[in-house]
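Trainee: Have a look at the structure that comes next, please.
Every number in this text was worked out from the coordinates using simple rules, so none of it is lab data. Note that this is a predicted model, so its numbers are computed, not measured. Positions of Cβ are backbone-derived with ideal geometry, glycine not excepted, and every protein chain shown enters the neighbour counts.
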Amino acid sequence: MNFDTARKRMVESQIISRGIRDRSVIEAMLKIPRHLFVEEAMAAQAYNDNPLPIGEKQTISQPYMVALMTELLQLKGVEKVLEIGTGSGYQAAVLAVLADRVYTMERIRPLALKARKVLDSLGLLNVNLRIDDGTCGWEEEAPFDAILVTAGAPEIPEKLVAQLAIGGRLVIPVGDQLSQVLVRVVKQADGTYTVEDSIGCRFVKLIGKYGWEAE
Ligand code: SAH
């Protein structure tokens, strides 16, 4: 099977059939060649219904999880988005299609450098990448219309809420190290925020000042 066919099948059987409705999210996932974000030896598995290892004990998220998290951000194409946990760069690429500008942060240098190369090769010039602890956010570029954290946090980092614009959405897995709940935080005009639960999930650890301690 070629990669285009595999990608179409992935979108139909894993994403549309599970209830993702946002047409722009579906189109972005049809567009981005996910197999380029994993090791060549694993390219044939890139469209399977599961996360995959990307080195450094990290993973590229399951396609459905990427679609769900992206849909929860409610992007229209004009937003400034922050992603914490660049990993392979795949999620950043999907966001780059759906938002105006993407700022993505990764704490592991070799992953960040690899992601940068793939993003550049696809001509996704609206992605800014920084190697640093994302639990502190990206102060100089705040506020953000949307923030996506793709690693599991012990609690909602207040620093990230502070960097959300009014009406901005923060999507983040929160819980212990074995299982989390994906939550959406929406910042209100008075600075307070609402928290809605989505589904249960299991992500690698968010490590940093306002996350878990490194091992
Ligand atoms: N979004 C990625 C998947 C990320 S896996 C993709 O599409 O491939 C989670 C990533 O978060 C890992 O690469 C991990 O190194 C990174 N991470 C964990 N804590 C972090 C922190 N405090 N700041 C930035 N990146 C972090």
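Trainee: Could you grab the relative contact order for segment 124-209? Cα pairs under 8 Å, six or more apart, rounded to a whole percent.
Mentor: With pairs under 8 Å counted, the relative contact order is 28 percent.
Trainee: Going by Cα centres, segment 164-195 and segment 88-126 are how many Å apart?
Mentor: Comparing the Cα centres of segment 164-195 and segment 88-126, I get a distance of 23 Å.
Trainee: Take a quick pass over the chain and tell me how many lysine pairs come in under 25 angstrom between Cα atoms, counting only ones 8 or more apart or on separate chains.
Mentor: Lysine pair count for the chain: 27.
Trainee: Counting other Cβ atoms within 10 Å, which trypsin sites (Lys or Arg not before Pro) in segment 169-215 have at most 15 and lie in a DSSP loop?
Mentor: Here the sparse-neighbourhood loop sites are Arg202, Lys209.
Trainee: Averaging sequence separations of C-alpha pairs under 8 Å and six or more residues apart, then dividing by the length of the chain, give the relative contact order as a whole percent.
Mentor: Worked out over the chain, it gives 15 percent.
Trainee: Give the dimensionless ratio obtained when the Cα radius of gyration of the chain is divided by 2.2 N^0.38 Å.
Mentor: So the chain has a normalised radius of gyration of 0.94.
Trainee: Search the structure for amide H atoms under 5 Å from the amide H of Thr59, placed 1.01 Å from N in the peptide plane, and list their residues when 5 or more places away or on another chain.
Mentor: Ile54
Trainee: Please give, to one decimal in nm, the separation of the simple spin-label points placed at Gln177 and Glu139, each 7 Å out from Cα toward the Cβ.
Mentor: A separation of 2.9 nm, rounded to one decimal place.
Trainee: While we're here: What's the magnitude of the charge dipole for the chain around its Cα centre, counting Lys and Arg as +1 and Asp and Glu as -1 at the beta-carbon? Answer in Debye, nearest 20.
Mentor: 540
Trainee: Which residues' amide hydrogens lie under 5 Å from the amide hydrogen of Thr104, considering only partners 5 or more residues apart or on another chain, with H built in the peptide plane?
Mentor: Sorted by chain and number, the residues that satisfy this are Glu83, Asn128, Leu129, Arg130.
Trainee: Counting each DSSP H run of 4 or more residues in the chain as -39500 (n - 2.57), what helix-only mean residue ellipticity at 222 nm follows after dividing by all residues, to the nearest 500 deg cm²/dmol?
Mentor: Here the helix-only value at 222 nm equals -7000 deg cm²/dmol.
Trainee: Please find, in a Gaussian network model of the chain (springs between Cα atoms separated by less than 10 Å), the residue of Pro173, Pro110, Pro63 whose mean-square fluctuation is greatest.
Mentor: Taking springs between Cα atoms under 10 Å, the residue moving most is Pro110.
Trainee: Trypsin sites (Lys or Arg not before Pro) within segment 1-109: which are DSSP loop residues with at most 15 other Cβ atoms inside 10 Å?
Mentor: Arg18, Arg21, Lys57, Lys76
Trainee: Continuing with the same structure: Please find, in a Gaussian network model of the chain (springs between Cα atoms separated by less than 10 Å), the residue of Glu71, Glu106, Glu56 whose mean-square fluctuation is greatest.
Mentor: Glu56
Trainee: A further question follows. Which whole-Hz couplings ³J(HN,Hα) result when phi for each residue of segment 160-173 is put into the Karplus expression 6.51 cos²θ - 1.76 cosθ + 1.60, θ = phi - 60°, listed in order with x for Gly and Pro?
Mentor: Values per residue, Gly and Pro as x: 6, 4, 4, 8, 8, 6, 4, x, x, 10, 10, 10, 7, x Hz.
Trainee: Just to confirm my numbers, what's the Cα centroid distance between segment 32-58 and segment 1-30 in Å?
Mentor: 16
Trainee: Now a separate question. If you take every DSSP beta bridge whose two residues both sit in the chain, what share of them, in percent to the nearest 5, is antiparallel?
Mentor: Approximately 45 percent, going by the DSSP bridge assignments.
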